[in-house]
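Visitor: Before we start, here is the structure in question, set down as structure tokens.
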Amino acid sequence: MNYRREIDGLRAFAVLPVILFHAGFEMFSGGFIGVDIFFVISGYLITTIVLTELVQEKFSLAGFYERRARRILPMLFLVMLVCIPFAWLWMLPSDTEDFSQSLVAVSIFSSNILFWEESGYFDATAELKPLLHTWSLAVEEQYYVIFPFFLMLSWRFGKQWILTCLAIVFAMSLVVAEWGSHTKPTAAFYLLPTRAWELLTGAFAAFYLLKTRCTTFKKSLSEPGGWAGIVLILYAVFAYDPSTPFPGFHAIIPTVGALLVILFATHLTTAGRFIGNKIFVGIGLISYSAYLWHQPLFAFARHRSPIEPGHDIFVVLSIVNFILAYLSWRYIERPFRIDKNISTSKIFSLAFLTSLAFISIGVLESLYHEKIVLYRHADDVNFHRNTNLLKLAKSTSPVALTINRHDDGNCRFSVLNLDATVSERLTNCAERFGAGVLVFGDSHATNLYHALIRNPANANVNFMVGITKNGCHLPTQEADCQYEEILEFLKKHPSTFKHAIYEKAGHLMLKFSGRREELRNPRSSIKAEIDINTINGVGNYLEKLSKYSSVTWFGPRLEPLVSEREYLKLGCNTHFAPTEKQVTTYNQLDTDLEKFSDNKNWRYVSQIKLVNFDFSTDFGDCNRLLWLDMNHFSKEGEELFGKRFVLSELLR
């Protein structure tokens, strides 16, 4: 196929936003759409090559996969190899275990599945994964296991039949992507079925341009078409953010933008000459290496720093990234792609043996990750003390271990689901002790329930039940959450509960201009605003519930946002106290919720005022760990703060 400079220029428009987004530059809040552009480019180029060879009757699967191996594997294996010693030196036990699993997953091109199961792409923990970005390579390789076979086997049926089949797959993939972006956003982001339509967008461009030529477009169409593509891409980069449902219909804008550039932005147009200039082309040529290096650089920088590194650090790392990318492109990428002395059999043998080596390292590292880390810190007394405190806190925390539900065998218990058995037990408890107290909500409500039952002052409440589940929050009615079940139960059994107490994590009622964790970084310019839709959803639900019980909304707590990584490295310093920015943000949320509760049929209680946190002791204690998971109480924290939660005062 003929070389097109503008395609390399388009690669620059893909890789730069991704790098700047991962570096935390808030202006590029939608930079993650660069991956979508890569998908369109890949679909276009690979389909063009396959179709050309099919027409010339030269296509072979061995040749296809040899080209993929030469293009993808040398740099990927190099980056993986470089990551290993830094992971051993700098990562903590849980992070090392995750890294070892990713070594195995990347080696078999299934890292997108692993990261889907572990966390969301925009979660704080995801930023610490050196190989997170390989999910997109996994999606592509999974696609290319299927696509060439399909074209080869269906070629005899004609292009029209092929295009019809691909159009059906395209439509199904897009519909599933839109549905998943709202109901299963993590799965939708990572998995092939919801990304296939983007690759197929590029494939359709290849089918069309093999039939005609870009030069056949009139200038009156190609000029605005090319610029429209650039504008759409830039709009998505600057207008989108991690809260944008993705990759559903919102992904159409950058995807169509990439398609328009491929179709219309040629060397004969001003748009083509702009995107095909030397700077963009140069960046595009090294874009694969730049993409591979940036995430390990940023992730390890975050591992080395207790709090989010400043923008100045990421500027330096971005420059280092492109220096490494150029060297890698010149001395690794190009030689492997053009050196015909490395035969096909050698390429496949090396790929197999190297993958096997990484899998072996990953398995061994996974088995001994904790011993490796503890050996490295053998002489660090504080690290071992903090590790033991963290282990103890985790082992006794109902939040850290969701299955660890409380049940005294009587009528003080917590459950995940309100099924028929639990419903019968609730009605029996009400008959024995009278109307009880219900605590419900997300994982913060789990904390609240355990804090209440651990307070001796609440011992006179014989019947108290928690129905809580991590991650469940209104107004989203997820299938495995229990809000509708609770409402229906109270409709049928209004005398079962005298009081219903609801709690919800404060950060889930805020919209952030960047990562929530940056509230702990005094240098960040992160801003937060009230998510009025979520608050209205909670209020409407509580109004319905108040017809059948007295309802109290237990307000959000301050969130120290202390990660396991920070605690192990810094220990019990008062550094963990919330920053002035955090305090201001959550106090404003608390004030707004108090105003929102005026003239409602339910009551609002300020947890912040009730607890009255002492910043010198409540967020840093050398003898016990009071907080877990950045915003939850540990068992020790539940006991300490629970003393301030007296039901007779809380529900008056």
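Visitor: Would the stretch 517-527 turn up any residue that is surrounded by fewer than 17 Cβ atoms within 10 Å (Cβ to Cβ) and either at pLDDT 75 or above or part of a helix (DSSP H, G or I) (or both)? Show your work before the answer.
Guide: Narrowing the stretch 517-527 to residues surrounded by fewer than 17 Cβ atoms within 10 Å (Cβ to Cβ): 522-523, 525, 527.
Next, from what is left, pick out any that are either at pLDDT 75 or above or part of a helix (DSSP H, G or I) (or both): 527.
Checked the stretch 517-527: at least one residue is surrounded by fewer than 17 Cβ atoms within 10 Å (Cβ to Cβ) and either at pLDDT 75 or above or part of a helix (DSSP H, G or I) (or both).
Visitor: Could you tell me which of the residues Leu51, Leu76, Leu45 is modelled with pLDDT of 90 or more, more than 30 Å from Ser154 (Cα to Cα) and in a helix (DSSP H, G or I)? Can you show your working first?
Guide: Working: Leu51 fails: more than 30 Å from Ser154 (Cα to Cα); Leu45 fails: more than 30 Å from Ser154 (Cα to Cα).
Result: Leu76 is the single residue among Leu51, Leu76, Leu45 that is modelled with pLDDT of 90 or more, more than 30 Å from Ser154 (Cα to Cα) and in a helix (DSSP H, G or I).
Visitor: Residues that are farther than 28 Å from Arg337 by Cβ, without any contact (Cβ under 8 Å) to a residue 60 or more places away in the chain and not in a helix (DSSP H, G or I): does the stretch 97-115 have at least one?
Guide: No - not one qualifying residue is present in the stretch 97-115.
Visitor: If only one of Ala290, Ala301, Ala271 is small (Gly, Ala, Ser), within 21 Å of Leu103 (Cβ to Cβ), assigned by TED's automatic domain parsing to the domain that holds Trp135 and surrounded by 16 or more Cβ atoms within 10 Å (Cβ to Cβ), which one is it? Reasoning before the result, please.
Guide: Details: Ala290 fails: within 21 Å of Leu103 (Cβ to Cβ); Ala271 fails: within 21 Å of Leu103 (Cβ to Cβ).
From the options Ala290, Ala301, Ala271, the qualifying one is Ala301.
Visitor: Consider Phe217 carefully, then state whether it is touching a helix residue (DSSP H, G or I) at 6+ places or on another chain (Cβ under 7 Å), of a type in the set (A, V, I, L, M, F, W, C) and free of Cβ contacts under 8 Å to residues at least 60 places away in the same chain.
Guide: On the way: touching a helix residue (DSSP H, G or I) at 6+ places or on another chain (Cβ under 7 Å): yes; of a type in the set (A, V, I, L, M, F, W, C): yes; free of Cβ contacts under 8 Å to residues at least 60 places away in the same chain: yes.
Yes; evaluated as a whole, the condition is true for this residue.
Visitor: Which count do you get for residues in the stretch 125-168 that are in contact with a Phe, Trp or Tyr (Cβ under 8 Å, 6 or more places away or on another chain) and either outside the structural domain of Tyr65 (by TED's automatic domain parsing) or basic (Lys, Arg) (or both)?
Guide: Count: 2.
Visitor: Restricting the stretch 239-255 to residues that are modelled with pLDDT of 95 or more and either buried (at least 17 other Cβ atoms within 10 Å of the Cβ) or small (Gly, Ala, Ser) (or both), which is nearest to Gly31 (Cα to Cα)?
Guide: If we take residues in the stretch 239-255 being modelled with pLDDT of 95 or more and either buried (at least 17 other Cβ atoms within 10 Å of the Cβ) or small (Gly, Ala, Ser) (or both), then Pro254 is nearest to Gly31 (Cα to Cα).
Visitor: Could you figure out which of (1) surrounded by 16 or more Cβ atoms within 10 Å (Cβ to Cβ); (2) within 30 Å of the chain's Cα centre (by Cα); (3) of a type in the set (A, V, I, L, M) isn't true of Ile323?
Guide: For Ile323, the exception is condition (1).
Visitor: Restricting to the stretch 73-82, count the residues that are under 10 Å from Leu292 (Cβ atoms) and surrounded by 20 or more Cβ atoms within 10 Å (Cβ to Cβ).
Guide: Adding up the residues that qualify gives 4.
Visitor: Moving on. Which number in (1) under 24 Å from the mean Cα position of the chain (by Cα); (2) modelled with pLDDT of 75 or more; (3) not in a helix (DSSP H, G or I) marks the one condition that Thr552 misses?
Guide: All conditions pass for Thr552, except number (1).
Visitor: Can you give me the number of residues within the stretch 415-450 that are touching a strand residue (DSSP E or B) at 6+ places or on another chain (Cβ under 7 Å) and within 21 Å of Val538 (Cβ to Cβ)? Please lay out each step first, then the result.
Guide: If we filter the stretch 415-450 for residues that are touching a strand residue (DSSP E or B) at 6+ places or on another chain (Cβ under 7 Å), which is where we start, we get 415, 418, 422, 426, 429-430, 435-449.
In the following step, the residues that additionally are within 21 Å of Val538 (Cβ to Cβ) were identified as 418, 437-449.
Result for the stretch 415-450: 14.
Visitor: Can you find even one residue in the stretch 218-238 that is in a loop (DSSP other than H, G, I, E, B) and either farther than 30 Å from Ser119 by Cα or outside the structural domain of Leu51 (by TED's automatic domain parsing) (or both)? Spell out the reasoning first.
Guide: Filtering the stretch 218-238 for residues in a loop (DSSP other than H, G, I, E, B) gives 218.
Now restrict to residues that are either farther than 30 Å from Ser119 by Cα or outside the structural domain of Leu51 (by TED's automatic domain parsing) (or both): 218.
Yes: the stretch 218-238 contains one or more residues that are in a loop (DSSP other than H, G, I, E, B) and either farther than 30 Å from Ser119 by Cα or outside the structural domain of Leu51 (by TED's automatic domain parsing) (or both).
Visitor: Being over 31 Å from the mean Cα position of the chain (by Cα), over 16 Å from Ala12 (Cβ atoms) and not β-branched (Val, Ile, Thr) narrows it down to one residue among Arg334, Arg273; which is it? Steps first, answer last, please.
Guide: Working: Arg273 fails: over 16 Å from Ala12 (Cβ atoms).
Within the list Arg334, Arg273, the selection yields Arg334.
The values are calculated or read from the model by the stated rules, or taken from the named source; none is laboratory data. Bear in mind that the values here come from a model prediction, so they are computed numbers and not experimental data. So basically every Cβ, Gly included, is an ideal-geometry build from the backbone, and we count neighbours across all protein chains shown.
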